[in-house]
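Step one of this worksheet: look at the structure below.
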Amino acid sequence: MVQPLNYLKETPSQTAGPYVHIGLAPGAAGFRLFEQELGQVIAAPGVPGERIRVSGVVRDGTGAPVKDVLIEVWQADANGIYPHPEDPRVAECAPGFRGWGRVITEFETGEWAFETIRPGAVPMKAGGVQAPHLTLWLVARGINVGLATRMYFPEDAGLHDTDPVLRSIEQRQRVATLIAKAEAPGQYRFDIRLQGEGETVFIDI
Amino acid sequence: MKPAEFYERDRRMHPPAYAPVYKTSVPRSPGQALLTLRQTMSEITGPTFGHNDLGPNDNDLIVNFGHGGLPVGERIIVHGRVLDENGRPVPRTLVEIWQANASGRYRHKKDVYLGALDPNFGGCGRALTDDDGYYYFRTIKPGPYPWLNYVNSWRPAHIHVSVFGTSFSQRLITQMYFEGDPLIAKCPIVQTIPDPEAVQRLIAPLDMNTAVPMDCLAYKFDIVLRGRRSTLFENRLEGN
């Protein structure tokens, strides 16, 4: 009899349900409870970098806006450094830069938006860089396991050809689903499609 | 090439995206396969939190909303450890919970269930795990409530739990159920999990050792996040 491999097993995911705001954004649920809500400031004023605004809407398989979605954002600073001990350059990360935020939609229209700074290219361990990107994570009623995706910037087309994630998408016509549209200087539009035509590429991270 | 930093997620432990028994998942589930990714710096890092982010009563739902009055219902402690698949504690990570009150009503503009709102109960809390990955909350046991999946669908009593871990790839939202609840087996959302053993891991047992006499019952809920591959370094015996 061989020894058992007694690893623990990951706790199963369950949907965040329709009332995710109560726990993660109580102000939006209509009441004030915590002294500070978390995730409202991704890059504090004074953090160096180009200020940008990203907006969009999440649509389901019927094309209807998902009005109860909660999106979390994770990104590097303008120099491509993450505020996390695992990043070898963490000591040089911009002071006041959290890199993380969470947004919910406007209840009637399903529109969401957040303000941050444009991230820099992130170095790869084996050399080379990843094109500047935001990592996004979505939960909502009807989403059983949180969905991860990335948003890239249209101006970085040259770097997209060597980015490890974009390169690994076999159906090349789907690459466009991860690239935001520039609406005005510093303003980007990133619509997400959960299912059906134009379905956004979701990533098993 | 170095191996991925975190064990790949065993998707058999999780509900599939498309689970028709839970009707809302039908239009909200991706139809295409997920893109497989070798983890990069973007996935092995994640937000960090400190005590400055939290207020002193944030983990006590019995007092964090009311203005002196006590909420109605069964007073309980919910506690446990956040561990990874290797059994290592996940210290100083943020655990957030939200739930209905004792009558099964959420404090949310969209909840129209006829259960009564409780003026002394908000329904959300948050805590940081300590160095051993331990967390605890004090709250009121939530009530079950009806919802429109099938005409007569009822959610078992449950608490929503959100955990960050140390990296964005460990991010998890789940629900904790209570030992002995006959509605668990009938719930379409529970039934999205194909593995019956995995369902058991979401059911918190009654823990009389932690109950406070003449005050609170207790339920113990350990949470397991993805483990990571690790090489033993002499200067980092505890692993990553």
Q.
Using a Förster radius of 45 Å, what is the FRET efficiency between B:Met208 and A:Glu197 based on their Cβ-Cβ separation? Nearest 0.05, please.
A. 0.25
**Q.** Neighbour-count order for B:Lys109, B:Lys220, fewest beta carbons within 10 angstrom listed first
**A.** B:Lys109, B:Lys220
Q) Can you run phi through the Karplus equation (6.51, -1.76, 1.60; θ = phi - 60°) for region B:52-60 and list ³J(HN,Hα) in whole Hz, with x for Gly and Pro? A) 5, 6, 10, x, x, 9, 4, 9, 10
Q: May I ask you to derive the relative contact order of chain B, considering only C-alpha pairs under 8 Å and at least 6 residues apart, and to give it as an integer percent?
A: 26 percent
Q.
Can you give me the C-alpha center-to-center distance between region B:162-220 and region A:85-113, rounded to a whole angstrom?
A. 29 Å
Q: Could you tell me which of the pairs A:Lys125/B:Lys220; A:Lys9/B:Lys186; A:Lys9/B:Lys109; A:Lys67/A:Lys125; B:Lys23/B:Lys141 are separated by over 32 angstrom between their Cα atoms in the structure shown?
A: A:Lys125/B:Lys220; A:Lys9/B:Lys109; A:Lys67/A:Lys125
Q: Mind checking the full-extension length gain between B:Arg92 and B:Asp132? Use 0.36 nm per residue of separation minus the Cα-Cα distance, one decimal, nm.
A: 13.5 nm
Q. Residue by residue through region A:139-149, which ³J(HN,Hα) values in whole Hz follow from phi under the Karplus form 6.51 cos²θ - 1.76 cosθ + 1.60 (θ = phi - 60°), with glycine and proline marked x?
A. 9, 5, 3, x, 9, 7, 10, x, 9, 9, 8
Q) What is the spin-label model distance, in nm, from A:Lys181 to B:Leu70 if the labels are put 7 Å beyond Cα along the C-beta direction? A) 5.8 nm
**Q.** Furthest towards positive pole of dipole, A:Val57, A:Ala91, A:Phe107, structure part region A:33-124, Cβ charges
**A.** A:Ala91
Q: Would you mind computing, in nm to one decimal, how far apart the modelled labels at B:Asp215 and A:Ala91 are, each placed 7 Å from Cα along Cα→Cβ?
A: 4.6 nm
Q: Hey, can you grab everything whose amide H is under 5 Å from the amide H of B:Ile140? Only 5+ residues off in sequence or another chain; H modelled, so Pro and N-termini drop out.
A: B:Ile76
Q. Projected area of the protein assembly as shown, taken from the Cα convex hull and averaged over every viewing direction, in nm²?
A. 23.1 nm²
Q. Does region B:10-61 classify as rounded, prolate or oblate by the C-alpha gyration tensor (a ≥ b ≥ c root eigenvalues; a/c under 1.5 gives rounded; else a/b over b/c gives prolate, otherwise oblate)?
A. oblate
Q: Any chance you could check the Cα centroid distance between region A:1-24 and region B:63-118 for me, in angstrom?
A: 18 Å
Q | Farthest positive-ward along region B:20-75 dipole, Cα basis, beta-carbon charges - from B:Leu70, B:Ser25, B:Gln39 | A | B:Ser25
Q. Between rounded, prolate and oblate, where does chain A land on the alpha carbon gyration tensor, with a ≥ b ≥ c its root eigenvalues, rounded for a/c under 1.5, else prolate if a/b exceeds b/c?
A. rounded
Q: Please state the charge dipole magnitude for region B:124-240, taken about the Cα centre, from unit charges on C-beta atoms (+1 on K and R, -1 on D and E), reported in debye and rounded to the nearest 20.
A: 460 debye
Q: Return a whole-number percent for the relative contact order of chain A, with Cα pairs under 8 Å and 6 or more residues apart as the contact set.
A: 24 percent
Q | Dimensionless Rg over Rh [region A:97-167; C-alpha; Kirkwood] | A | 1.02
**Q.** Virtual spin-label span in nm between B:Trp154 and A:Arg32, 7 Å along Cα→Cβ
**A.** 3.8 nm
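Quick note: the coordinates plus some simple rules give every number you see, no bench work behind them. None of the values given here were measured: they were computed from a predicted structure. Positions of Cβ are generated from backbone atoms using ideal geometry, with glycine treated the same way; all protein chains shown enter the neighbour counts.
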